[in-house]
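The values are calculated or read from the model by the stated rules, or taken from the named source; none is laboratory data. All figures in this text were calculated on a predicted structure; none of them were measured in a lab. Cβ placement follows ideal geometry from the backbone for every residue including glycine, while neighbour counts extend to all protein chains displayed. Each accessible area value is taken on the protein alone, full model and side chains, heavy atoms only, with ligands, DNA and RNA left out. Shrake-Rupley method; radii C 1.70, N 1.55, O 1.52, S 1.80 Å.
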Amino acid sequence: MSRFRAIWQASLNATKKALTWSAEDLLPPNEKLIFNFNSKEELKKWHLYSDSEYGGMSSASLEIIDSEDGQKGTGVFSGNLSLDVSEGTKWNINRSGFGGMRSKKFDGFIDLDAYDTIALKLRGDGRCYISTIYTENWVNSPGQMEDNSWQAFVQVPKDNWYITKIPLARYLPTWRGNVIDAEMEMNQSRILGMSLSVNASSVVPGATSGPGDFKVEIDWIKALRTIQ
């Protein structure tokens, strides 16, 4: 009989615990770390690109260094933006002066459906950067094999660390750098990768623009759930 009472009591306790669960117990954490630039292993997750692949003369690099203020492990995305084009290039490019760092595709995808904001901790040079999110296409077809891309501007104040928070709703659908004038919804449950890029030309008032050097330090990139 004592054994029966023990089983009955354990069952009763489990039932009480289930009944006291709140909705908060079912929610994911308020933030999700996506990239952390705290070791050189992080470099393996990214590849660089610039207009030099198409006859331009811009350059871009990414390294992990110790910060001047003693903070360990921060990424430094830097390079030079040039409007010049190599002589004799076979590419007929209509614009130059850009560079970027793009993450390699995630192992499958990450699900950000429970989050509403992307946050980046940066220290920059006053230029305006572009944050891009790549998602799996809603409809895969033979004529549309590229990932969907969504972009938002990030103006990074000069010299001081700054956490910029970009609502996912502010990311606009783009096609090869141009905003698509169409009603589209981001597939937040299937995020394939991200990138950070910079152009010599800037449409954001007050931002540094034009050819020349660029440099931005990156501590981390996270997804936030700000709406409870």
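Below, the figures for the structure above:
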{"item": "Cα→Cβ-extended label distance, 7 Å offset, between residue 111 and residue 201, nm", "result": "4.2"}
{"item": "Surface accessible to a 1.4 Å probe, residue 150 within the full protein complex, Å²", "result": "10"}
{"item": "Accessible surface ranking that places the most exposed of 84, 213 first, with a 1.4 angstrom probe", "result": "213, 84"}
{"item": "Residues with amide H under 5 Å from that of residue 129, placed H, sequence gap 5 or more", "result": "154, 155, 156"}
{"item": "Efficiency of FRET between residue 226 and residue 53 - r from beta-carbon atoms, R0 45 angstrom, step 0.05", "result": "0.75"}
{"item": "Under the Karplus curve 6.51 cos²θ - 1.76 cosθ + 1.60, θ = phi - 60°, whole-Hz ³J(HN,Hα) for segment 74-84, x wherever Gly or Pro sits", "result": "10, x, 10, 9, 8, x, 9, 9, 10, 8, 7"}
{"item": "Integer Hz, Karplus 6.51/-1.76/1.60 couplings in order for segment 204-219, x for Gly and Pro", "result": "8, x, x, 7, 5, 9, x, x, x, 6, 9, 7, 9, 8, 10, 8"}
{"item": "Inter-centroid distance (Cα atoms) of segment 105-122 relative to segment 189-213, Å", "result": "19"}
{"item": "Cross-link table 32/158; 40/105; 44/72, entries beyond 25 Å C-alpha to C-alpha", "result": "32/158"}
{"item": "Probe 1.4 Å, all protein chains present, accessible-area order of 101, 184, largest first", "result": "184, 101"}
{"item": "Peptides ranked, highest mean first, by Cβ atoms within 10 Å: ranges 186-199, 107-120", "result": "186-199, 107-120"}
{"item": "Highest average packing first - 54-63, 31-40, Cβ atoms within 10 Å", "result": "54-63, 31-40"}
{"item": "Full-extension gain in nm, residue 44 to residue 179, via 0.36 nm per residue minus C-alpha separation", "result": "45.6 nm"}
{"item": "From phi via Karplus (6.51, -1.76, 1.60), per-residue ³J(HN,Hα) for segment 48-58 in Hz, x at Gly/Pro", "result": "9, 8, 7, 5, 4, 5, 10, x, x, 10, 7"}
